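The values are calculated or read from the model by the stated rules, or taken from the named source; none is laboratory data. From a predicted model like this one, the values you see are computed outputs, not experimental measurements. Every residue, glycine as well, gets a Cβ built from its backbone with ideal geometry; the counts of neighbours run over all protein chains shown. Protein only, heavy atoms only, side chains kept; ligands, DNA and RNA dropped before computing areas. Shrake-Rupley method; radii C 1.70, N 1.55, O 1.52, S 1.80 Å.
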Amino acid sequence: MRKKILVVTKDCDAGEVIYKENPAVTVLDFDLQEKGTHCTHCLRLIQTGIAIKLPTDRFNSVYCSKDCLAKSKAQSQGLLFGLEPPVPLGLSLGMPQQDTTAREAAQSAFVDYIKKNGKAVPLLVARFIARQVANETLKLIPNAVGAQPPSDIPEAESGGYTMYDHLERLRYLDVKAPEEEIKIVSRVLSSALPGLEQFVTEERHATLLGKMAYNSYGVCFGDGRDDKPVSAERPEDVEKTRTPYGTSKQIGSALYLVSAYASHSCAPSTRPSFSSGTSELYLVANRVLKKGDEITVSYVDSTQHAGETTTDARRRRRMELARGWRFACSCTRCQSELLDNPACADGEPIQKDESKIEEPFIMNESPSGSLDP
Ligand SMILES: [Zn+2]
Ligand SMILES: [Zn+2]
């Protein structure tokens, strides 16, 4: 039997919001980032004429409000794409004068790389590292001049769990970190604050990339959009996010520290919804749930499309799961469809779960979505 990772702690009606969660880090789809139509922080659609811009921002970011601008700057944007001292004033005293030219060059190289590479995952990783730096410096001097509370996710940090405690427990894919990317990210960090480059070792960077690839959700408003540029990459290389609406419908990608634990099911007990029109995730019950029932979501569009047979739909979603998350689904729906029609097993991905968890937790009650008996 598969272990239950996340469960509901009380009975819920179908359609009930089980919890709401703000993301730890977000990345707007790059076509929208370029157009300046959505808030870089909360991903909200911005009404014409009210966008707020930070003149020094190297990533051409716009915001829906001063609050979003302040949070974004404090959490990661200031460190990655700005020139102000990355730590509160009280801490920066006694630090060497920063080399502004080197910092500008490092940031420009990073922006160029992001645009060329076209993937959200490297930026999610860089933002995550920057947020950790922000959290740590705030702990050192919480009342420093210029200190901004970087956190708008107290619920995810309660119980003494830090962002990194959660991240450590999440599953990840074994991916290779491109050498060029490691160099570029490392230069952005070290040019802001010498010493930060130690966060970007090859192994560490690869693990973070694999965590973001496995755990990020697609942020999707309503039924989603239809104008997301189609990737020219091979289907197995196209970046995927967890979303029952399909990654092609999303406006951005985000990591949620609690929802990341939710296992996949093709007959999911819940679904993510973004009904506030921002990246705040509302987890909605798909059916009546009893206390202790497992929270599952569908990582892919698991509906049966018009013109598709049950077998076609089953094959499509399982192929997508194998490509994006590298496991062969063994959920109740997949099993019962196979019992009904043994022929639908033909041409199926045969691999077992190839995602990983970090060493110290393998011995414990691991947050395992593993398919091993
Ligand atoms: Zn906003
Ligand atoms: Zn399934």
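Annotations
- Residue pairs whose Cβ atoms lie under 6 Å apart, separated by 6 or more positions or on different chains, with the first residue in segment 18-36 and outside the structural domain of L283 (by TED's automatic domain parsing) and the second β-branched (V, I, T) and buried (at least 22 other Cβ atoms within 10 Å of the Cβ), are L28/T40; D29/I251; L32/I251; G36/V62.
- Considering residues of segment 328-373 that are modelled with pLDDT of 80 or more and among the β-branched types (V, I, T) only, the residue farthest from G210 (Cα to Cα): T332
- Residues that are over 20 Å from V121 (Cβ atoms) and touching a helix residue (DSSP H, G or I) at 6+ places or on another chain (Cβ under 6 Å) within segment 22-41 comprise just one, C39.
- In segment 19-39, the residues that are within 13 Å of ligand 1 (Cβ to nearest atom) and either part of a loop (DSSP other than H, G, I, E, B) or among the basic types (K, R) (or both): N22, P23, G36, T37, C39
- Out of K139, K183, K176, sole residue that is at pLDDT below 85 and open to solvent by 30 Å² or more (accessible area, probe 1.4 Å): K139
- Per-region count, segment 186-205, residues open to solvent by 20 Å² or more (accessible area, probe 1.4 Å) and of a type outside the set (S, T, N, Q): 9
- Selection count where residues are of a type outside the set (A, V, I, L, M, F, W, C), part of a loop (DSSP other than H, G, I, E, B) and either open to solvent by 90 Å² or more (accessible area, probe 1.4 Å) or within 8 Å of ligand 1 (Cβ to nearest atom) (or both), scope segment 40-59: 6
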